[in-house]
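To keep things clear, I will list the structure first and then write my remarks on it.
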Amino acid sequence: RKNVILFLALFLLYSCTSQEDNGSTTDRPNIIYIMADDHAAHAISAYGGIYDDLAPTPNIDRLAKEGVKFNNVFATNAICGPSRASILTGKYANLHGYYKNQSGGKFDASQWTFPQEFQNGGYQTALFGKWHLGSEPKGFDNFKYHEGAGQQGFYWDPLYNENGKEIKEQGYATNLSTDFALEWLQEQRNEDQPFMMLLQYKAPHRAWEPDKKYEDLWEDIEMPYPDTFNDDYEGRENTAGDTWMTMHYLNRKDMKMDPPDSLEGQALRDWLWYGNEPGEVVKPNPDMSDEEAKKWKYQRYIKDYLATVKSVDDNVGRVLDYLDKQGLTDNTIVVYTSDQGFYLGDHGFFDKRFIYEESLRMPFLVRYPEKLKAGTENNDIITNIDFAPTLLDFAGISTPDEVQGRSFASNAMGNTPEDWRQSMYYHYYEWPFWHHVQPHYGIRTQRYKLAHFYYSIDEWEFYDLEKDPDELKNLINEPQYQDKIEELKQRLNGLQETYKDDKSLEEYRMITDTDFGNKTE
Ligand code: SGN
Ligand code: CA
């Protein structure tokens, strides 16, 4: 027994001194925040789904195995610029002012954002990849973000803005943005300071252009179809049933079709982008039936989408390897997320925007070996306005009261506060471009969802997610749910007050109609 005590005492002494040597438990963590564009959780194998085995994402999955997987993280407005602005400010669109992509104006860069707080708090900060907020990024020691196509950026030979200077690079965007991030870490990192880096990929955004080596990855197989691929939109005719998001709206550019040699200039662009005459279905050959064409388009779409994801996964692997080699893994928080979810043929759709599950849900994986237990999961209701306070919390930096989001650092560590929220609030404003989705707001609880589509229609939808996880049955008129619906309407009003979004329908519509200035894609 004496030996055991002696051994324990020596071990304790050793572990205390060794921690003092490298300072790892007292140093503030580094942060690498990786965000893809339009990457649905069900296209990450750690989240399961029909592509799990066919298109695995082993590197992104590593974060789930070695960290925490969040299952109920939701976008408060499932569209790029507004979601990114909510992430940066920890606020809803009605406070940060960036409601829409189309004519959404420029993000007002005089606002509080979390990167500035990190920079002021002594962190070395950097941004690589997609920004898409119109105004110059603030709070970064270094940035290099995508320009072109309204800051959507390009997959091939992309144009970047590097600290205020435009520069065209040669190669594939996903690889390049990672190259720049790793070069910065290698050459410019100041070892006396912690760092906070945003690495934001353009992929897997439209037009889903894979790297050359992955172009024909699944050529010989037929990808499975989601259960709701042939949704008939019954009970949702004027909402889900009235969009420009069905396979029909995939154009010839999306389908990588070769134009006839005779076409040039505007005629060529029209053929590629707007080739569908009213009622016409784009087909690779005229003999194909409309039904076959729908399936063919889905195959082209999903294979390209997943192939762009493959490059993202490879590059996440490069980042994780780098951290391992540099001995930075234990004290670096790595987040993987996306600005919103996406439809992968679900309900017959591509794109996002709706409060329905596939676009509402954001993947969210976080690894922080010093504090978070590997391989754990969390089901709390979290939203994109919570990211900023959480990252700051991990770094020991406080968040100002004006921020609407709340830190979920404690939830990540396995201790959900007792008063954690039981529902989330959603509001989408953009209409009719790009995809003809009626502006709507709504509430989602662990079990139910209620939404009001209000712009040129006035319709409510209600889903019982436990009985109908695919949201095929709008139960708004079901007698047995009327009490529940009434209760949710009250709670929805409460959330609108809490988040200072309690305007009249007329005022909401005005936001949709207002041209705030920009004309980004
Ligand atoms: C582009 C796409 C749309 C997409 C928006 C918004 N068209 O306009 O399909 O919904 O971006 O995407 S494209 O043919 O130009 O690619 S977001 O990620 O910025 O919200
Ligand atoms: Ca997006």
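Each value in this text was obtained by applying a stated rule to the coordinates, not by laboratory testing. Only a predicted model underlies this, so the values are computations on that prediction, with no experimental measurement involved. We place every Cβ from the backbone using ideal geometry, glycine too, and count neighbours over all the protein chains shown.
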### Summary
Once amide hydrogens are built 1.01 Å from N within the peptide plane, the residues lying 5 or more places from G171 or on another chain with amide H under 5 Å from its amide H are D157
#### Entry: HN-Hα J in Hz across the stretch 374-386 - Karplus 6.51, -1.76, 1.60, θ = phi - 60°, x for Gly and Pro
5, x, 9, 10, 9, 10, 5, 7, 10, 10, 5, 6, 8
### Query
How big is the charge dipole of the stretch 313-417 about its Cα centre, in debye rounded to the nearest 20, if each Lys and Arg gets +1 on its Cβ and each Asp and Glu gets -1 on its Cβ?
140 debye
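Given the Cα-Cα distance of D179 and D192 and 0.36 nm per residue of separation, how much length would full extension add, in nm? Don't skip to the end; give the middle numbers.
Working: separation 13, 0.36 × 13 = 4.68 nm, distance 2.29 nm.
Going from the current span to full extension adds 2.4 nm.
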### Summary
Among N238, P432, P194, the residue whose Cα sits farthest towards the positive end of the charge dipole of the chain, when +1 is placed on the Cβ of each Lys and Arg and -1 on the Cβ of each Asp and Glu, is P194
### Message
Can you list residues from other chains, or at least 5 along the same chain, whose modelled amide H is less than 5 Å from the amide H of I31?
### Response
F195, M196, M197, I333
### Query
HN-Hα J couplings of the stretch 104-121 from phi, Karplus 6.51/-1.76/1.60, θ = phi - 60°, integer Hz, Gly and Pro as x?
x, x, 9, 4, 6, 6, 7, 6, 5, 9, 5, x, 5, 5, 5, 4, 5, x
## Note on the structure
Nearest 10, in degrees from 0 to 90: the angle of helix 290-326 to the longest Cα principal axis of the chain is 10 degrees
### Query
For the Cα atoms of the chain, what angle does the longest principal axis make with the long axis of helix 482-498, in degrees from 0 to 90, nearest 10?
60 degrees
### Summary
Helix 173-188: inclination vs the chain longest Cα principal axis, degrees, rounded to 10, gives 20 degrees
### Distance in nm between pseudo-label sites at K213 and H436 (7 Å out along the Cβ direction from Cα)
4.1 nm
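In deg cm²/dmol, rounded to 500, what helix-only [θ] at 222 nm does the chain give when every DSSP H run of at least 4 residues adds -39500 (n - 2.57) and the total is split over its residues? List each step's numbers first, then the result.
Numbers: 13 runs with 155 residues, N = 521.
Estimated from H runs of four or more residues: -9000 deg cm²/dmol.
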### Message
If amide hydrogens are placed 1.01 Å from N in the peptide plane, which non-local residues have theirs closer than 5 Å to the one on T383?
### Response
F74
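Over the chain, what is the percentage of antiparallel beta bridges among all DSSP beta bridges, to the nearest 5?
Values: 37 of 64 bridges.
Taking every DSSP beta bridge within the chain, about 60 percent pair in antiparallel fashion.
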## Note on the structure
If every Lys and Arg gets +1 and every Asp and Glu gets -1 at its Cβ, then about the Cα centre the chain yields a dipole, in debye to the nearest 20, of 1320 debye
